[in-house]
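Take a look at this one; I'll ask things after.
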Amino acid sequence: MARSGIRYEEVQEAAETLLGRGLNPTIQRVRELLGTGSNTTISEHLKHWQQQLAESPKAVLPPAVPETVMTALESFWKIAIHQAEAAFEEQRAVAAQAVAAAEQARDAAVAGERQAQTAADDLSRQLDAVTLSARQLADQLLVAQERRAAAEIAIDAAEQRTQAAIDAGAQIRAETEARVAQMETVLQQLRVDMSHQQTQAQQRIDDERQRAEANETRLMHLLDQDRAEQAVERQTFAAERQEWKNREAGWRMQQEAQRRENIEIRAALATAEERLRVRDTELRQVRVALATAENRYGDMARATDALRGELRAALDAQNRLRQSFEMNRPTQPDPKIFPDSE
């Protein structure tokens, strides 16, 4: 039995508040919302609320929903609830059996307190596991309920969309019928216009055919003239082509002769350039020799000038000596007075 302190109505209100927020009303969330209460009390109140929720009348689906869809939803809901309740009862029975076995083992094993305590701890862990499984099953049940609520909302939205599609289809059908009537009128007028245009087009085609036949006759005549002119032009072109070939052959011969002459000229030019380089080298050598000779000539000219000065001085001295000798020379005796001895 649930301990006093937390009433069922408080847990129910908290669970419905969480469900309205789109959250799964677990024990921890209910306890956080209420701010008090033990997990065991909240768990038992939640279990009682889930049972009442499962036994409450199902939501009435819209009449437009197919019978098969409604039957499938109810079957799914019943199967989910039965499976959750069966699993919960099975786990509860297992837990009850485990607790009874633990109590019997504790009463029977007074002497083996340690073993009993160990078995009690194991059974306590199993009980916790069973409790956790029961909570998980309860959470799965709430998820199934949330999915059912979401399915009902989706069915309502689908029904609204279906009705809107029906209304839109009726409107489109009316507009389509009006447009079809309008298009039939336009099509009839187009048929009349098309017949008239076809008659005019046939007349224009006949006229164009006659003009085409006349143009074809004139074109054949022009084509014959053009063929004759082309034959003459081919002959002329053949003669000119042969003449151009002959000219090309002569030009190629002249080009070959000119090429050979250019080769010879290049060879002669290379020889002349080589000779010119030799002559240039010799000219530079001659210029160097000439400069050397000019320097030597200058030296010789200066030496010659010096010798000429010395020669003039010697001649002047000789003339002075001669004059002096002439002046101081004794008178020569008369040969008749002083005959030369033989």
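Going by the conditions given, is Glu9 out of contact with any Asp or Glu (no Cβ under 8 Å at 6 or more places or on another chain), more than 16 Å from Gln140 (Cβ to Cβ), touching a residue at least 40 places away in the same chain (Cβ under 8 Å) and in a helix (DSSP H, G or I)?
Values: out of contact with any Asp or Glu (no Cβ under 8 Å at 6 or more places or on another chain): yes; more than 16 Å from Gln140 (Cβ to Cβ): yes; touching a residue at least 40 places away in the same chain (Cβ under 8 Å): no; in a helix (DSSP H, G or I): yes.
Here the answer is no, as Glu9 does not meet what is asked.
Table: residues versus (1) among the polar types (S, T, N, Q); (2) more than 60 Å from the chain's Cα centre (by Cα); (3) on the phi < 0 side of the Ramachandran plot; (4) exposed (fewer than 10 other Cβ atoms within 10 Å of the Cβ).
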{"site": "Ile155", "(1), (2), (3), (4)": "no, no, yes, no"}
{"site": "Arg161", "(1), (2), (3), (4)": "no, no, yes, no"}
{"site": "Arg218", "(1), (2), (3), (4)": "no, yes, yes, no"}
{"site": "Thr236", "(1), (2), (3), (4)": "yes, yes, yes, no"}
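Related question: Does any residue in region 15-36 that is in contact (Cβ under 8 Å) with a residue 40 or more places away in the chain come within less than 6 Å, Cβ to Cβ, of a residue that is part of a helix (DSSP H, G or I) six or more places away or on a different chain, and which pairs are these?
Asn24/Asp139; Asn24/Leu142; Pro25/Ala15; Pro25/Leu18; Pro25/Leu19; Ile27/Asn39; Ile27/Ile42; Ile27/Ser43
Within region 31-42, identify whether any single residue is under 56 Å from the mean Cα position of the chain (by Cα) and at pLDDT 90 or above, and answer yes or no. Full working, then the answer.
Initially, region 31-42 is screened for residues under 56 Å from the mean Cα position of the chain (by Cα), giving 32-33.
Going one step further and asking which of them are at pLDDT 90 or above, we end up with 32-33.
Yes: one or more hits.
Is it true that some residue in region 87-98 is under 60 Å from the mean Cα position of the chain (by Cα), on the phi < 0 side of the Ramachandran plot, modelled with pLDDT under 65 and surrounded by 13 or more Cβ atoms within 10 Å (Cβ to Cβ)?
Of the residues in region 87-98, the ones under 60 Å from the mean Cα position of the chain (by Cα) are 87-88.
Add one more test, that the residue is on the phi < 0 side of the Ramachandran plot, and what stays is 87-88.
Keeping just the survivors that are modelled with pLDDT under 65 gives 87-88.
Keeping just the survivors that are surrounded by 13 or more Cβ atoms within 10 Å (Cβ to Cβ) gives 87-88.
For region 87-98, residues under 60 Å from the mean Cα position of the chain (by Cα), on the phi < 0 side of the Ramachandran plot, modelled with pLDDT under 65 and surrounded by 13 or more Cβ atoms within 10 Å (Cβ to Cβ): present.
The values are calculated or read from the model by the stated rules, or taken from the named source; none is laboratory data. Since the structure is predicted, the reported quantities are computational estimates derived from the model, not experimental observations. In this analysis, Cβ positions are derived from the backbone assuming ideal geometry, glycine residues included, and neighbour counts consider all displayed protein chains.
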